[in-house]
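What follows is one structure encoded as structure tokens, with my remarks underneath.
Nothing in this text is a laboratory measurement; each read-out follows from the coordinates by a stated rule. Since the structure is predicted, the reported quantities are computational estimates derived from the model, not experimental observations.
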Amino acid sequence: MADNKKNPTQVEDTGHVWDGIRELNNPCPRWWLNSLYLSGLLVIVYFILYPSLPLVNDSTKGLLGWTQINEFKEDMAKVEEIRAPFENKLAAMSMEEILADQEMLNYAIGSSKVLFGDNCAACHGTGGAPAEGAGYPNLTDDDWLYGGSVNDIAMSIANGRAGTMPAHAN
């Protein structure tokens, strides 16, 4: 009887031989192929559930109806809900009352850091010291050009300074 069975330890080759080295035709590991198929399936599920394909004026909506814009709006509504009591209380208080109330003072200082970064840092520098020769007042020294009291500083911020600083009353 003829022995037609393949040797299980024998690996098929591609027929390429270079310098006596045979190129074998080993299959990919099963776990690797399963990972490939699973990732392809996850891509299809993602395409169905979430907005994924851009169109000319819009995009596909997805079955979940989720969008980054809606998530952003929801998060901002939560932030506004948290801030509203502080903002309302702050608007009704005078500067002297804010300075006397530690909770409101802490809130005002935290808000002021953000407002300074958004509105003032471009000219006065992030730390209050502008670039040398920029022509803007240094806010880190003890030389107050327009008065250093809380009311004088508030007036400078609200009304601005002619020719150099815009008003930030609102």
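Points to keep in mind about this one:
- Coarse-grained scattering of the stretch 1-147 at q = 0.12, 0.17, 0.21 Å⁻¹, given as base-10 log I(q)/I(0) from a Debye sum over alpha-carbon atoms: -0.88, -1.10, -1.30
- Candidates Glu103, Glu81, Glu12: whichever shows maximal mean-square fluctuation once the chain is modelled as a Gaussian network with Cα springs under 10 Å: Glu12
- Across the stretch 54-109 the C-alpha pair distances fall into 5 Å bins from zero in the proportions 4, 15, 17, 13, 10, 9, 7, 7, 7, 6, 4, 0 percent.
- Cross-link partners for Lys61 among the aspartates and glutamates, with Cα-Cα distance under 19 Å and sequence neighbours closer than 8 places in the same chain left out: Glu71, Glu74.
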